[in-house]
Amino acid sequence: MTTDDTTWKRCSTCKKPIAFAAPYWACSVSTCNRRGALFAFCSVDCWDGHVPVMRHRDAWADEATAPTAAEWAREQEHEPRRIVVGSTPAARGAADTPRRGSAPPRDVLIVVSKLKHYIRETTGMNTSDDVIETLSDRVRDLCDDAAGQARAAGRKTVMARDFTRR
Ligand SMILES: [Zn+2]
Ligand SMILES: [Zn+2]
């Protein structure tokens, strides 16, 4: 089977190619993102499609970024030094930690499937994907603001009350 040089993996549901360094969706369930059995999805809908198949009870889709071709080649050669998705809930949390030394992370900060579910349940409406990015930016703004409040108060911990100022 031939895959062209730009394809990292194919979507586990629709088989659409996922390019190197492209965003994709990973399943939050550890058996789906364990090394060697990694499921990757091109969209939340494709992720949704595998949930009944895998009989997940509490799962969500995590936005992730495919490795670059160089990173992937290196990862195939050596034990990965940076495991993107952990195999335990604790490791999963750690995977959300921003990488140090680079620009502020632009990760999705919203649990997409839960947000969509909430909007659908309360209003019957669908949610466009660009909402997720905008909301993540809003959350980042709020956090930056709250961190400023905490710093002004001489704290190194951002607390709930730092978000209440309006
Ligand atoms: Zn797909
Ligand atoms: Zn899964």
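Where a number appears in this text, it was derived from the coordinates with a stated rule and is not lab data. Please read these numbers as outputs of a predicted model, since none were measured by experiment. With ideal geometry, Cβ positions are generated from the backbone for all residues, glycine too; neighbour counts draw on all protein chains shown.
Brief remarks follow.
- Compared with the alpha-carbon gap, the fully stretched path from residue 137 to residue 57 is longer by 25.9 nm at 0.36 nm per residue.
- Charged-residue dipole, Cβ positions (Lys, Arg, Asp, Glu), region 31-70 about Cα centre, Debye nearest 20: 280
- Each label was represented as a point 7 Å from its Cα along the Cα-to-Cβ direction; for residue 71 and residue 123 these points are 3.4 nm apart.
- Descending semi-axes in whole angstrom, ellipsoid equivalent of region 101-159, from the Cα gyration tensor: 29, 14, 8
- Projecting label points 7 angstrom from Cα along Cα→Cβ for residue 6 and residue 38 puts them 2.0 nm apart.
- All aspartates and glutamates inside 19 Å of residue 15 as judged from Cα atoms, apart from same-chain residues fewer than 8 positions distant: 4, 5, 45, 48, 62, 63
- Long-range HN-HN contacts of residue 65 with modeled amide H, under 5 Å: 24
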